[in-house]
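The values are calculated or read from the model by the stated rules, or taken from the named source; none is laboratory data. Model, not experiment: these values are computed from the prediction. Virtual Cβ from ideal backbone geometry, glycine too; neighbours counted across all protein chains shown. Only protein heavy atoms, including side chains, enter the accessible area calculation; ligands, DNA and RNA are left aside. Shrake-Rupley method; radii C 1.70, N 1.55, O 1.52, S 1.80 Å.
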Amino acid sequence: MKLIIGNKNYSSWSLRGWLAAKQSGLSFEEITVPMLGEQWEKRKEADDFQPSSGKVPILWDGDNVIWDSLAILEYLADKVGRDRFWPKDESARGMARAMVAEMHSSYMSLRGEMPMNVRRRIQLQNVSDQTRADVVRILGLWAEARARHGSAGPFLFGTFGAADIFYAPIVSRFLTYGIGVPGFAQSYMQAVWEHTWMEEWIASSESEEWVIEQYEAVGA
């Protein structure tokens, strides 16, 4: 298998696809293409970016091509066993799926005002009411998951799984922009940030030479 991803510092969806590939336990080749650069445009014109229309991540598994991070996660879950990604308990599994689906389709204000930037630390002053509402909603979901289903470990449903994969970029955003969170959320964020795979991703992000100015200008 090979996984095509964008810049590790900025690409939240690439992080989700990459963590899903790691969680599968399968070996894969990682190909990083700098977003919005010359190589990116060349890839868009080549077969590697089809049929995703230039979006990442993209998973190639033999003749199979899967784009979209949630589709990649589900494809890998089918290959290796769904219990590797989703809670075994029916109630927990249902909540985890709902949370992942909401993350996949929602929080547009937060995404726009707080783009992922792993390397950066800034105290964001001007946050819209909608983005604040997004933050409150996410913290509420985290609290409910932890209270109802998180007793077996430090992650949303105890052990690391699909929900943590999808909310990992939110953890990064909260740290980047200095979002104040309650103690339980701080503990959860620390568990995610110190996960072995996240530490690997962070180290790679910090060593990247590429800079996308439009993302660096946020809050400047």
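Which residue, of ALA71, ALA152, is out of contact with any His (no Cβ under 6 Å at 6 or more places or on another chain), in a helix (DSSP H, G or I) and open to solvent by 10 Å² or more (accessible area, probe 1.4 Å)?
Values: ALA152 fails: in a helix (DSSP H, G or I).
When all the criteria are applied, what remains is ALA71.
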Taking the criterion of being part of a loop (DSSP other than H, G, I, E, B) and either of a type outside the set (Asp, Glu) or at pLDDT 95 or above (or both), would at least one residue in the stretch 96-105 satisfy it?
no
Those residues of the stretch 192-220 which are assigned to a helix (DSSP H, G or I), crowded, with 17+ Cβ neighbours inside 10 Å and in contact with an Asp or Glu (Cβ under 9 Å, 6 or more places away or on another chain) amount to VAL192
Yes or no: the stretch 137-145 includes at least one residue that is in a helix (DSSP H, G or I), of a type in the set (A, V, I, L, M), open to solvent by less than 10 Å² (accessible area, probe 1.4 Å) and within 24 Å of ASN9 (Cα to Cα).
yes
Of the residues in the stretch 12-42, those that are out of contact with any strand residue (DSSP E or B) (no Cβ under 6 Å at 6 or more places or on another chain), part of a loop (DSSP other than H, G, I, E, B) and modelled with pLDDT of 95 or more come to GLY25, LEU26, SER27
Which residues, counting only those in the stretch 57-79, are among the polar types (S, T, N, Q) and either touching a strand residue (DSSP E or B) at 6+ places or on another chain (Cβ under 8 Å) or closer than 25 Å to TYR10 by Cβ (or both)?
SER69
At pLDDT 95 or above, open to solvent by less than 20 Å² (accessible area, probe 1.4 Å), more than 26 Å from MET35 (Cα to Cα) and not in a loop (DSSP other than H, G, I, E, B) - does that describe any residue in the stretch 163-178?
no
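Just to be sure before I move on: is VAL127 closer than 19 Å to PRO169 by Cβ and in a loop (DSSP other than H, G, I, E, B) in the structure I sent? Step through it out loud before you land on a result.
Values: closer than 19 Å to PRO169 by Cβ: yes; in a loop (DSSP other than H, G, I, E, B): yes.
Spelling it out, VAL127 is indeed closer than 19 Å to PRO169 by Cβ and in a loop (DSSP other than H, G, I, E, B).
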Based on what the data block shows, is GLU206 of a type in the set (Asp, Glu), in contact with a Lys or Arg (Cβ under 7 Å, 6 or more places away or on another chain) and in contact (Cβ under 8 Å) with a residue 40 or more places away in the chain?
yes
Restricting the first residue to the stretch 57-70 and requiring it to be within 12 Å of ILE4 (Cα to Cα), which pairs with a second residue that is open to solvent by 20 Å² or more (accessible area, probe 1.4 Å) and of a type in the set (D, E, K, R) meet a Cβ separation below 7 Å and a spacing of at least six or different chains?
TRP60/LYS2; TRP67/LYS55
Out of the stretch 78-91, which residues are under 20 Å from the mean Cα position of the chain (by Cα) and either in contact (Cβ under 8 Å) with a residue 60 or more places away in the chain or in a loop (DSSP other than H, G, I, E, B) (or both)?
ARG84, PHE85, TRP86, PRO87
